[in-house]
Amino acid sequence: AGGGSEAASCDGFDNDQPGVTSSTITLANASDVSGPVPGIFESARQGTRAYVAYFNATQKLCGHDIKLLELDSRADAGADQQAYARACAETFAAVGSMSAFDSGGASTAQKCGLPDLRSTTVNPERVTCSTCFSAQSVNPGQIPRAMPTYFLDQFSAQTKKVALLYINAGAAPVNAASFRKGWESVGWKIDYFQAIDVAEFNFAPYVQQMKDRDIDLVYYLGPYQNTIKVQQAMRQQGFTPDVYLQDSTIYDQKYVEQAGDLAEGAYAYSNIALFSDTGNKEMALYRAWLEQTNPGADPNFYGLYAWSAARLFLEEATRLGGDLNRASMVKALSKVKDWTSHGLHSPQDVGGKTTGKCQKIIRYTGGSWKQVSKGDYLCDTLVTTGVGA
């Protein structure tokens, strides 16, 4: 749990630090659990909880157990800021957090020097926060070429008639604008670019627009609950694009269960090992401890990266030993490159805050997700869009 390398000496460890007692070190996790889409990022809390339990079951950190303060950022920038105010006052650091409105607590974390190692960063404000990092390194202004190039090669005609729909909330608008610019620079043509409000219940007009424009490839950026609404509306109006595509948000058992046969044939791109990869020891470890600490919970993309964040944090803390403090942790995280969480995901430039270059393409067919791209990951250069940078 500490990474396998020799732990540093604990001489000089200071118990007089925020969130530290003589026997415990408290970490915070602030994730969207309640809000407009209930439970949207509860998996990040679960993944963090699972790793903390694994760590405590196997070792201590300079004689300290790890405690977890679970906070709800409620899909709201104000709530995220409030959560990080508590984290600054009551905990040593924040680990594995995930929010669509992560801009809210960025300045709060930086001002108090709080190390904030998130599952995934989604807003520009969190990227520029000097004490904030994420296990899945993401810069909104950088778009990997690997995914759009794959579909340009495999579905050349379809990438010339694309609809890009996105939820009009949180990080989605700026990310959608960056996607549009990046994908078009590779050779796609976005014919229909449309925001959909969170409270929207009638998706029929958007489907009609896609039909009128002869769209061949549909991409939706938003929670899987709304993905299902889009797909239901397409079926009701007899609209079947050649390609339905989304990010790893739909690589989730809950999506499959709720979508039913609507999921058949859907594509997603991802940068993690398949949940079904029984040969991946770290995946087996994540799934085992997830089940132990959250019985019945399904593995999830954001939960996996929360596990990765907790692992990275505690590995770095173990290496620091008696030198562990907020400033030394921030410095250590700033030097982390090519982090894979022991093969759980593609290399991530955590310290450099540069978007990862490698992705794989998966498709739901015949009752399971299968990788359709060749090799382990497709790796290519990044497109700098300048949007949200």
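Details
- GLY343 being small (Gly, Ala, Ser), surrounded by fewer than 17 Cβ atoms within 10 Å (Cβ to Cβ) and over 21 Å from TYR302 (Cβ atoms): no
- Considering only residues in the stretch 273-292 that are surrounded by fewer than 18 Cβ atoms within 10 Å (Cβ to Cβ) and among the hydroxyl-bearing types (Ser, Thr, Tyr), the one that is farthest from the chain's Cα centre (by Cα) turns out to be THR278.
- Residue that is surrounded by the fewest Cβ atoms within 10 Å (Cβ to Cβ), among those in the stretch 184-214 that are farther than 13 Å from VAL162 by Cβ and touching a residue at least 60 places away in the same chain (Cβ under 8 Å): ALA199
- Remark: pairs (first residue in the stretch 39-55, within 14 Å of LEU344 (Cβ to Cβ); second residue surrounded by fewer than 24 Cβ atoms within 10 Å (Cβ to Cβ) and at pLDDT below 95; Cβ separation under 6 Å; 6+ apart in sequence or on different chains) = TYR54/ALA1.
- Which numbered condition ALA1 fails, given (1) touching a Lys or Arg at 6+ places or on another chain (Cβ under 7 Å); (2) part of a loop (DSSP other than H, G, I, E, B); (3) touching a residue at least 60 places away in the same chain (Cβ under 8 Å): (1)
- Residues that are under 23 Å from the mean Cα position of the chain (by Cα) and under 19 Å from ASP65 (Cα atoms), drawn from the stretch 77-90: ALA87
- Among the residues listed as THR355, THR365, THR340, the single one being closer than 30 Å to GLU257 by Cα, under 17 Å from the mean Cα position of the chain (by Cα), among the β-branched types (Val, Ile, Thr) and modelled with pLDDT of 95 or more: THR340
Listed here are the residues, each with its yes/no results for (1) of a type outside the set (Phe, Trp, Tyr); (2) outside the structural domain of ALA284 (by TED's automatic domain parsing); (3) more than 17 Å from LEU274 (Cα to Cα).
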position	(1), (2), (3)
ARG326	yes, no, yes
TRP339	no, yes, yes
LEU344	yes, yes, no
ASP349	yes, yes, yes
ILE362	yes, yes, no
LYS370	yes, yes, no
GLY375	yes, yes, no
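The values are calculated or read from the model by the stated rules, or taken from the named source; none is laboratory data. In this text, all values refer to a predicted model and were calculated from it rather than measured experimentally. So basically every Cβ, Gly included, is an ideal-geometry build from the backbone, and we count neighbours across all protein chains shown.
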